[in-house]
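Working notes, structure below.
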Amino acid sequence: MRASFFTHEPIGKSDDRRGRIALALDDCIREKGFAGTSLTDIAIKAQMSPSHIRYYFESKEQILEFYLAAICDQLIRDITAIPKNTPLQWAKHFTAYFIANPELNREAVALMVEIFAVATHNPKLMKIKVDYDTFIRKTLADFFDWAGTIKGMQPAEAAYRLWVFEGGLKFNSMFQSDFSKAKAGKIFEHEMLRLAGLKGS
């Protein structure tokens, strides 16, 4: 997702500059990858001096931590804001946002894959990702608590299965030309409703 979240809500001047730096990092990673990006590259892209960058962040890793936290915070806010009128309605809205979101293009997914690779050697990034994954699984478990599950399936197990299923659908829809996001969304929603034992599945 292109980092529209930095202008999603009014934020202070300091955070505005941090957001600008994070967006510059986003551009640099898309162009040359994280390993090939320097603080000077980020400064040029942000139209700031390297010393100005260092006033806000000590390293490009610190910028990446801020960036991933901002992405996850935005996703959590958006998912939490989905209205809970009926389980069927929520499932459709959640699928439209989480799987079929137009901002979730191939470049955005590739960017996240690179960030997750860096996270394997960065405890702060790893914690941000794990906390976000935990939120998603809890959100799905809460859905199954509300909607119900098929016989013999506990909400937490249904949530875990759907969470794992989502990863394969999302990445394959980005990188396989014969597997569209629309198709991935239909399959995801069908599986969600099937696990819940809801009509329409």
_Qualifying residue in region 132-147 (condition: more than 18 Å from Ile79 (Cβ to Cβ) and either modelled with pLDDT under 90 or β-branched (Val, Ile, Thr) (or both))_ = no
*Tally the residues that are touching a residue at least 60 places away in the same chain (Cβ under 8 Å) and among the small types (Gly, Ala, Ser), restricting the search to region 136-147.*
1
*Mind listing whichever residues of region 27-50 are touching a helix residue (DSSP H, G or I) at 6+ places or on another chain (Cβ under 6 Å), of a type in the set (A, V, I, L, M, F, W, C) and over 19 Å from Glu114 (Cα atoms)?*
Ala43, Ala46
*Given the conditions (1) in the same structural domain as Gly19 (by TED's automatic domain parsing); (2) modelled with pLDDT of 95 or more; (3) of a type outside the set (A, V, I, L, M), and given that Pro50 satisfies all but one, which numbered condition is not satisfied?*
(2)
*Residue tally, condition surrounded by fewer than 17 Cβ atoms within 10 Å (Cβ to Cβ) and either under 24 Å from Lys129 (Cβ atoms) or within 11 Å of the chain's Cα centre (by Cα) (or both), over region 42-61*: 3
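What tally of residues in region 55-82 results from selecting those that are part of a loop (DSSP other than H, G, I, E, B) and under 18 Å from Ala159 (Cα atoms)? Show your work before the answer.
Filtering region 55-82 down to residues part of a loop (DSSP other than H, G, I, E, B) leaves 57-59, 81-82.
Imposing the further condition that a residue be under 18 Å from Ala159 (Cα atoms) reduces the set to 82.
Total meeting the criteria: 1.
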*Give just the number: which of (1) out of contact with any Ser or Thr (no Cβ under 9 Å at 6 or more places or on another chain); (2) within 30 Å of Leu198 (Cα to Cα) does Ser38 not satisfy?*
(2)
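For (1) part of a helix (DSSP H, G or I); (2) more than 30 Å from Glu31 (Cα to Cα); (3) touching a Ser or Thr at 6+ places or on another chain (Cβ under 8 Å), each residue gets a yes or a no:
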| residue | (1), (2), (3) |
| --- | --- |
| Lys84 | no, yes, no |
| Leu88 | yes, yes, no |
| His93 | yes, yes, no |
| Ala100 | no, no, no |
| Val113 | yes, no, no |
| His121 | no, no, no |
| Met153 | no, yes, no |
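Considering region 93-108 alone, what residues qualify as being farther than 16 Å from Ile71 by Cα and crowded, with 17+ Cβ neighbours inside 10 Å? Steps first, please.
First, pick out the residues of region 93-108 that are farther than 16 Å from Ile71 by Cα: 93-96, 100, 106.
Scanning region 93-108 gives Phe94, Thr95, Ala100.
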*So which residues in region 115-147 are closer than 15 Å to Gly167 by Cα and either of a type in the set (Asp, Glu) or not assigned by TED's automatic domain parsing to the domain that holds Leu198 (or both)?*
Asp133
*Return a yes/no flag: does region 178-193 have any residue that is among the aromatic types (Phe, Trp, Tyr) and closer than 29 Å to Leu25 by Cβ.*
no
_Number of the exception - Thr134 against (1) in contact with a helix residue (DSSP H, G or I) (Cβ under 9 Å, 6 or more places away or on another chain); (2) closer than 25 Å to Glu61 by Cα_ = (1)
*Hey, Ile71 touching a helix residue (DSSP H, G or I) at 6+ places or on another chain (Cβ under 7 Å), surrounded by 17 or more Cβ atoms within 10 Å (Cβ to Cβ) and outside the structural domain of Ser173 (by TED's automatic domain parsing) or not*: yes
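The values are calculated or read from the model by the stated rules, or taken from the named source; none is laboratory data. Here the structure is a predicted model, which is why all the values come from computation and not from measurement. Neighbour counts are summed over all protein chains in view; Cβ atoms, including those assigned to glycine, are modelled from backbone coordinates with ideal geometry.
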